[in-house]
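Beneath this line is the structure, given in structure tokens, with notes to follow.
The values are calculated or read from the model by the stated rules, or taken from the named source; none is laboratory data. Computed from a predicted model, the values in this text were never measured in an experiment. All Cβ positions, even for glycine, are placed from backbone atoms using ideal geometry, and neighbour counts span all protein chains on display.
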Amino acid sequence: MQLRNDIFLRVALSILLPMTALVLAATYYTEQRYEEGVRVELAGSLESLTGEIDRRLASDRETFAALAKAPAIEQYIPVMQAAADGDLHPEFFARTDKINSFLEAFQKLVPSMNTLRVLDSQANTLVKVRFGQGAPASFDGIESFPFAEEEIDDEQYLNRLYELPNNEIGVTLLNQTKSEQEENTSLPMLDYILPMSRDGTFVGYLVVNMLGEQINRVLEYTHRPRDAKILIAEINPEEPDRHEVILYDDSQSLSFTDNKSQEKRLKNILHEDLYKQIVGESEGYVTSADNSESIYFVEYMPYPDLLAHWIVMLRVDQNAIDAPFKQIRIISLIVVAVILIISLWLAGLTANQIARPVTRLAKTIKEYANGGNSVRAEAKDTSQEISELADSFNYMADTLDKAAEERERTQHIMLQQDKLASIGQMAAGIGHELNNPLNNILTLSKLLERNSNSADENNKQDIISLREETLRASGIVQGILNFARQVPPNFSQFKIAPWLEDTFALVQQQANKNAVLLVSEGNMEPSVYGDRGQLQQVLINLLLNAIQASSRDSVVEVFVHADKETVSISVSDSGIGIEPDDIDKVFDPFYSSKQVGEGYGLGLSISMGIIDQHGGKLTIRNNEVGVLAVMTLPIKAKQG
């Protein structure tokens, strides 16, 4: 009996109690490591989120800067110069109508820029386009000068605008913007303003206000680890109406595009202790006094050279993090209690049989607690109870490993999503605005064909050509929309010769009009793997550019060269070529060497995107005479 009692005591004191402590220590140690991983994960999520927002805002600023260099804006400079001198330009109304049309079209392409303004040197609004609609010149200024909005009569506000450096994008809040706000609300974002000067003379301002649709899209697709809730607030002490206003909040279903109620401020929704800690730090995390919520936050500067900033937060329910480990601790205690009872009962039978496997299991647990995640307990040649204990430990270790692997896989997917570059969303209305009249033309052409005299072959052929051109135009509109939405191409294998013949037929009328001869040479036998319609759109764009650049009675040559893996299609013209300083700009949005009205300079940008999606390459360079454009495409689909 004494031996039995000694065994009971030795088992209880030397094996089970240390094992219990080790299990609990391993649990707490794992929990701490787990919480550290959660902090790293959430901090990484915040960094990725602010990085993506920063990329979107930088893209908007680049687009805004490119807009200021558009030909339509440049043509309006004389009107702004005349206004700066107090004169009404002779073509004021005609050019104002033209720039209104251009900005309306631009706003459909870039809907995130909801309000565009052109101001004169006194900050009076000459042109205003909001939500795709231009504002008529209905307000008269001094000597009946036509303005799109009421004149500004705030000397202090004007002095702030005059201090902005010329030809550099600045950030401010226009008085005009303030007047558009409803009572007790504020717009989600400040105005971007670009003071413009030409030849050293200041002429006025180009201004844009964005509602934050692009940021909404970023936040909508952002992964929220641990079911975190995103909260973004603006800190702007210089503007009391905007200071601490909530810009975005998952909990309140408040998005960037909503007008911001001044009653929804940061200090009204957070506990006072959390509020003070967050506002006083640039980044970090805080936990509420009752340990019910943790907030991970970072300070983000959305506006260059402006003290105003955003606080981007992830609010996490602390119970979602602690709950698994509370259950593990309870289960561990239960398991230990069961093992204790069973081990003490088995100790009366044989101390040796019990001591050896328990010692081995304790060693395994230690090794696992010290970072040996690959070790597992062996349950052979032991009693059933010890085997169950080993299986429970192995189950716990496997569960933790699977949780770690799942976390790593989720982080990898999130990082991959963050790396995707968005190219800006085309306006959904373009399909409705263009496809409806195209459908009407198509219907009328069918009616004309049905009612035409069968003997009049010329008219019948013209009607057929009208229908074919209408179908092609509809296909081009759909192609542009598909490209903007990043819809993948419809890949198939098709022959070069008939595809090239069809493409020539579509541009032949323009070639005849310009007295340009189209010639094709080279190897027409191979096939190409790609979207026949999208690639035809690219070749049509290159051919039209070549035709427009060529002089009358000249030749545009298409040469096809193939090797084992690729097909190169070259288009050469005999025009004057591209200026060396401009050769690197040909793929930039809104760059165009054509006259105003002939296009907005988006054709080559779209073409480059289509070729990239096909895994090909598009190059444009000056030839000895004219320009040489080469599109290189794969012959077959890549394996694997």
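Structure above, values below:
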| item | result |
| --- | --- |
| Residue match in region 233-246 (condition: under 19 Å from the mean Cα position of the chain (by Cα) and aliphatic (A, V, I, L, M)) | no |
| The one condition in (1) under 24 Å from LEU219 (Cβ atoms); (2) in contact with a Phe, Trp or Tyr (Cβ under 9 Å, 6 or more places away or on another chain) that SER59 fails to fulfil | (2) |
| Matching residues, region 274-310, being free of Cβ contacts under 8 Å to residues at least 60 places away in the same chain, small (Gly, Ala, Ser) and crowded, with 16+ Cβ neighbours inside 10 Å | SER294 |
| Conditions (1) closer than 30 Å to TYR221 by Cβ; (2) modelled with pLDDT of 90 or more; (3) not β-branched (Val, Ile, Thr): number failed by LYS98 | (1) |
| Enumerated strands (runs of 3 or more DSSP E) restricted to region 242-331, each holding at least 2 residues that are in contact with a Leu (Cβ under 9 Å, 6 or more places away or on another chain), closer than 30 Å to GLU168 by Cβ and not aromatic (Phe, Trp, Tyr) | 309-317 |
| Which listed residue, of ASN124, ASN167, ASN175, is modelled with pLDDT of 80 or more and either buried (at least 19 other Cβ atoms within 10 Å of the Cβ) or touching a Phe, Trp or Tyr at 6+ places or on another chain (Cβ under 7 Å) (or both) | ASN124 |
| Where a residue in region 356-379 is in the same structural domain as PRO18 (by TED's automatic domain parsing) and its partner, wherever it lies, is surrounded by fewer than 16 Cβ atoms within 10 Å (Cβ to Cβ) and assigned to a helix (DSSP H, G or I), with Cβ under 7 Å and at least six apart | ALA362/PRO18; ALA369/ALA25; ALA369/TYR29; ASN373/ASP401; VAL375/GLU367; ALA379/ASP391 |
| Matching residues in region 276-326 - criterion: being out of contact with any strand residue (DSSP E or B) (no Cβ under 9 Å at 6 or more places or on another chain) and at pLDDT 90 or above | none |
| Enumerated strands (runs of 3 or more DSSP E) restricted to region 499-595, each holding at least 1 residues that are among the hydroxyl-bearing types (Ser, Thr, Tyr), exposed (fewer than 14 other Cβ atoms within 10 Å of the Cβ) and modelled with pLDDT of 85 or more | none |
| Condition check for GLU449: over 25 Å from SER550 (Cα atoms), surrounded by fewer than 13 Cβ atoms within 10 Å (Cβ to Cβ) and modelled with pLDDT under 75 | no |
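One line per residue, one yes/no per condition, for (1) of a type outside the set (A, V, I, L, M, F, W, C); (2) within 28 Å of VAL129 (Cβ to Cβ):
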| residue | (1), (2) |
| --- | --- |
| ILE215 | no, yes |
| VAL218 | no, yes |
| HIS223 | yes, no |
| ALA228 | no, no |
| LEU231 | no, no |
| GLU239 | yes, yes |
| ARG242 | yes, yes |
| VAL245 | no, yes |
